[in-house]
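The values are calculated or read from the model by the stated rules, or taken from the named source; none is laboratory data. Here the structure is a predicted model, which is why all the values come from computation and not from measurement. Cβ sites come from the backbone with ideal geometry, for glycine too, and all protein chains shown count toward neighbours.
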Amino acid sequence: MSKLLIHGAKKLQGEVNIHGAKNSTLPLMAASLVCGGKCILHNCPSLSDVDTSERILNHLGCRVKRSDGDIEIDPTSADGYNIPDDLMREMRSSIIFLGAIVARMGKAILSYPGGCELGPRPIDLHLMALRRMGVIINEDHGSLNCVVPNGLHGAVISLSFPSVGATENILIAAVLAEGTTVINNAAREPEICDLADFLNSCGAKIRGAGESTVTIEGVKRLSGCEHRVIPDRIAAATYLAAGAATGSTLTVSDIIPKHLEPIVPVLEESGCVLKTNGNKMTIIPPKRLHRVKSIRTMPYPGFPTDAQAPIMAMLSVADGTSVFVENIFESRYKHVGELLRLGANIKVEGRVAIVDGVEKLSGASVEATDLRGGAALVVAGLTAYGTTEISGLNHLDRGYENLERNLRNLGADVKRI
Ligand code: EPZ
């Protein structure tokens, strides 16, 4: 099993080009199933989750061609309607294919997505919404058997929580449904807007994406389109946190600054200066990071839960106590135990994590147990004195493209063994 070896406490410098967003690429690949022609996605990251989505599309009968950052999907001969258990287990977010398969095939058989390291990942909002749109869903022994006897029809759907995945499933199912669908309390993440832009480029009629109320007027059929995936705001946040943690001035490029607005105030409160210039953002950290009084993860445009772990790693060497409240997932502090092994001083009480900044971290062998927790260990390893060995790289490879190459280009002493 490969590991990452980091000799830390080295200054970084330079610029890193941010890859396309994983959490946009995955729903866009699912959405191609409702298109009536070939779709070409540009700026897609090469990540294992994207590979898994490609395997699911192939299994459903799509023709998929990938070259560098481009994915060409021809769904015209797709006639599958089930996703095998192994593929469902490989990627929890495969549930995002449910709306697309049901919309295209009028039926679907999926197994329940496994829980993941962030705790149970319920899909009650997804199922409630699709049932309101005319899907009959039988859940037995961990599998979902869906049929749509009278076709999908529009509905008014109020989400008790602005779930990203549920919003995406509804959008994809609604574009070809009979009539109009209204989503109340929809997720507002940039990835929702990216999905709506893609579908509208194919002829869909979606209004209000990015706001809490989204209206979709069903159409008879969609064409294909070409679309460039938005940059990965969480990858950008991770590299910025690495710069802050190592006291290095560095630049992330090919980003959309607006998407980083929820993170900027936290970086500024820690004493960093952020300079934006077009699609680049440069971070200039202080000699010693200051603590950040409180960081509450919230749905967009609040502070993103996916940035909680990398920012915690950065603040573990700040001067003073920072308090995190994780409001989105019920157990997203798995990385704390590993940060303690590196010398951090963090106390977890339920959804609250109290981070007492220490002077410095010291290298140790640690294990990534989820994607963003793994990113936190990389950020911590870059600032830690001595050598840090990180295992569990399969988690990191799901969400960070060319991680060690990018870090080496920034001057880090990191290699995969
Ligand atoms: C998406 O997951 C992202 N994944 C996650 O990123 C991200 O953390 C999350 O949105 C929040 O921003 C992808 O886009 C592939 P949710 P998703 O539905 O859609 C509860 C990463 O690291 N909920 O908004 O699963 C749920 O339990 C990943 O890149 C229900 O209760 O997130 C959670 O507490 C991790 N019932 C909260 O809502 C439901 O039916 C947020 O979930 C659905 C969700």
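Of the residues Phe329, Phe324, which single one is touching a Gly at 6+ places or on another chain (Cβ under 8 Å) and either buried (at least 17 other Cβ atoms within 10 Å of the Cβ) or assigned by TED's automatic domain parsing to the domain that holds Arg188 (or both)?
Phe329
Check whether at least one residue in segment 110-120 is under 25 Å from Ala196 (Cα atoms) and within 16 Å of the ligand (Cβ to nearest atom), and report yes or no.
Yes; the residues of segment 110-120 include at least one that is under 25 Å from Ala196 (Cα atoms) and within 16 Å of the ligand (Cβ to nearest atom).
Kindly indicate whether Ala309 is within 14 Å of the ligand (Cβ to nearest atom), in contact with a His (Cβ under 9 Å, 6 or more places away or on another chain) and assigned by TED's automatic domain parsing to the domain that holds Tyr400.
yes
Of all the strands (runs of 3 or more DSSP E) wholly in segment 143-210, which have at least 2 residues that are touching a helix residue (DSSP H, G or I) at 6+ places or on another chain (Cβ under 6 Å)?
The strands (runs of 3 or more DSSP E) meeting that bar are 180-184.
Working only within segment 63-93, note down all residues that are in contact with a Pro (Cβ under 9 Å, 6 or more places away or on another chain) and either surrounded by fewer than 23 Cβ atoms within 10 Å (Cβ to Cβ) or on the phi > 0 side of the Ramachandran plot (or both).
Those that are in contact with a Pro (Cβ under 9 Å, 6 or more places away or on another chain) and either surrounded by fewer than 23 Cβ atoms within 10 Å (Cβ to Cβ) or on the phi > 0 side of the Ramachandran plot (or both): Arg63, Gly69, Arg89, Arg92, Ser93.
Considering only segment 118-132, state which residues are loosely packed, with under 15 Cβ neighbours inside 10 Å and farther than 25 Å from Lys334 by Cα.
Passing the criteria: only Arg131.
For the condition in contact (Cβ under 8 Å) with a residue 24 or more places away in the chain and surrounded by fewer than 17 Cβ atoms within 10 Å (Cβ to Cβ), what is the one hit in Met312, Met298?
Met298
Please give the number of the condition Ile263 fails out of (1) crowded, with 24+ Cβ neighbours inside 10 Å; (2) under 30 Å from Ala209 (Cα atoms).
(1)
Here are some residues: Ser201, Ser163, Ser143. Which one is surrounded by 14 or more Cβ atoms within 10 Å (Cβ to Cβ), in the same structural domain as Ser93 (by TED's automatic domain parsing), of a type outside the set (A, V, I, L, M) and within 16 Å of the ligand (Cβ to nearest atom)?
Ser163
So Leu339 ticks every box in (1) exposed (fewer than 15 other Cβ atoms within 10 Å of the Cβ); (2) within 25 Å of Lys287 (Cβ to Cβ) but one. Which box is left unticked?
Tallying (1) exposed (fewer than 15 other Cβ atoms within 10 Å of the Cβ); (2) within 25 Å of Lys287 (Cβ to Cβ), Leu339 fails exactly one: (1).
Pick out the one residue from Ala78, Ala155, Ala100 that is assigned by TED's automatic domain parsing to the domain that holds Ser212 and either under 25 Å from the mean Cα position of the chain (by Cα) or at pLDDT below 95 (or both).
The conditions single out Ala100.
If you check Gly142 against the conditions, is it out of contact with any Phe, Trp or Tyr (no Cβ under 7 Å at 6 or more places or on another chain), small (Gly, Ala, Ser) and at pLDDT below 95?
In short, no.
Would you mind telling me which numbered condition in (1) closer than 17 Å to Arg332 by Cα; (2) touching a Phe, Trp or Tyr at 6+ places or on another chain (Cβ under 8 Å); (3) buried (at least 23 other Cβ atoms within 10 Å of the Cβ) Val348 fails?
(3)
With the requirement that a residue be out of contact with any helix residue (DSSP H, G or I) (no Cβ under 7 Å at 6 or more places or on another chain) and under 20 Å from Gly243 (Cα atoms), what does segment 379-399 give you?
Correct list: Gly381, Ala384, Tyr385, Gly386, Thr387, Glu389.
Residues in segment 129-136: is at least one away from the ligand (no atom under 16 Å from the Cβ), modelled with pLDDT of 95 or more, not in a loop (DSSP other than H, G, I, E, B) and not charged (D, E, K, R)?
Yes: segment 129-136 contains one or more residues that are away from the ligand (no atom under 16 Å from the Cβ), modelled with pLDDT of 95 or more, not in a loop (DSSP other than H, G, I, E, B) and not charged (D, E, K, R).
Take Ser316 and tell me if it is out of contact with any Ser or Thr (no Cβ under 7 Å at 6 or more places or on another chain) and modelled with pLDDT under 95.
Criteria not met by Ser316.
Looking for something within 24 Å of Asp397 (Cβ to Cβ), not in a loop (DSSP other than H, G, I, E, B) and not hydroxyl-bearing (Ser, Thr, Tyr) - is there at least one such residue anywhere in segment 215-224?
No, because not a single residue in segment 215-224 is within 24 Å of Asp397 (Cβ to Cβ), not in a loop (DSSP other than H, G, I, E, B) and not hydroxyl-bearing (Ser, Thr, Tyr).
Output the number of residues of segment 284-306 satisfying the condition of being over 21 Å from Gly119 (Cα atoms), among the aliphatic types (A, V, I, L, M) and either part of a loop (DSSP other than H, G, I, E, B) or within 9 Å of the ligand (Cβ to nearest atom) (or both).
Final tally of qualifying residues: 2.
Could you tell me which numbered condition Leu195 fails, if it satisfies all but one of (1) touching a residue at least 60 places away in the same chain (Cβ under 8 Å); (2) more than 19 Å from Tyr300 (Cα to Cα); (3) surrounded by 15 or more Cβ atoms within 10 Å (Cβ to Cβ)?
(2)
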